[in-house]
Amino acid sequence: MGQMRISHRQWTRYLADVGLPTLAYLASVTASALLAHRMEPGIGRMLVAALPVPAIAWLAYAEWKRLRRRDELRQRIEMEAMTTGFGVSFGLVVALVFIDLHGDLDVPLYVAAFVMAACWMGAQIWVRARYRYGWLQSDRDDPS
């Protein structure tokens, strides 16, 4: 198998699709973190903590639009990876909740985000390996 390289066209298309939502996400997380630490606890601080939510929704929508442009195999791979990642992460998070409820281990809530992200990445790698499908294969034929 030859060396796979990302082309200028692929980068340009990817940045056009998710560049602004990603920048909005990074900016909103930064603003939220900086502002929340300077505020007193209360409704205002909770609203500031929720600043990244619209950017997360925008980023999810941008990724959904990218997925809709893919061929059927790539869509199947993505759906299988998302389903696997969600199922495994949900089971792990529920197990951690029960461990925390029974006092065996103090598990902070933010751990759930890391567990879910790790399970999603692991599922992407596992499903792509199972299908023998590279990261850039379908991007080569991406319609402009």
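The values are calculated or read from the model by the stated rules, or taken from the named source; none is laboratory data. Quick caveat: nothing in here was measured; it's all calculated off a predicted structure. For neighbour counting, all protein chains shown are included, and Cβ atoms are generated from backbone atoms with ideal geometry for every residue, glycine included. All accessible areas refer to the heavy atoms of the entire protein, side chains included, with ligands and DNA or RNA removed. Shrake-Rupley method; radii C 1.70, N 1.55, O 1.52, S 1.80 Å.
A convex hull fitted to the Cα coordinates of the chain yields 148 cubic angstrom per residue. When you count the other C-beta atoms within 10 angstrom of each residue and take the mean per peptide, 57-69, 118-130 line up highest first as 118-130, 57-69.
Using a 1.4 Å probe on the protein chains only, how many percent of the accessible area of the chain belongs to carbon and sulfur?
Details: 7170 of 10450 Å².
Percent of accessible area from carbon and sulfur atoms in the chain: 69.
Put a plus charge on the Cβ of each Lys and Arg, a minus charge on the Cβ of each Asp and Glu, and nothing anywhere else: the dipole of region 36-99 about its Cα centre is then about 240 debye. Ligands, DNA and RNA are left out, and with a 1.4 angstrom probe the accessible area of region 1-137 is 73 Å² per residue. Scoring 71-77, 87-93 by mean Cβ neighbours within 10 Å over their residues and listing the highest first yields 87-93, 71-77.
Given +1 on the Cβ of Lys and Arg, -1 on the Cβ of Asp and Glu, and no further charges, what dipole in debye does region 1-75 carry about its Cα centre, rounded to the nearest 20? Display every interim value, and only then the final one.
Working: 11 positive and 5 negative charges, 65 e Å.
Magnitude of the dipole: close to 320 debye.
Extending 7 Å from Cα along the Cβ direction at residue 64 and again at residue 110 yields two label points whose distance is 2.8 nm. A simple rule links phi to the HN-Hα coupling: the Karplus curve 6.51 cos²θ - 1.76 cosθ + 1.60 with θ = phi - 60°, which for region 36-44 gives 4, 5, 9, 9, 6, x, x, 5, x Hz, with x for Gly and Pro.
Under the definition of Cα pairs under 8 Å and six or more residues apart, what whole-number percent is the relative contact order of the chain?
Details: 91 pairs, mean separation 37.1, N = 144.
Across the chain, relative contact order equals 26 percent.
Derived scalar couplings between HN and Hα for region 13-22 equal 5, 4, 5, 5, 6, 10, x, 5, x, 5 Hz in order, rounded to whole Hz, by the Karplus curve 6.51 cos²θ - 1.76 cosθ + 1.60 (θ = phi - 60°), x for Gly and Pro. Our estimate of slack between residue 53 and residue 23, defined as 0.36 nm per intervening residue step minus the Cα-Cα distance, is 9.5 nm.
For region 25-69, the equivalent ellipsoid derived from the Cα gyration tensor has semi-axes of 28, 9, 4 Å, listed largest first.
Highest mean packing first, where packing is the average number of other Cβ atoms within 10 Å per residue, the peptides 98-107, 15-24 line up as 15-24, 98-107. Rounded to the nearest 20, the size of the Cβ-charge dipole of the chain about its Cα centre is 680 debye, with Lys and Arg at +1 and Asp and Glu at -1.
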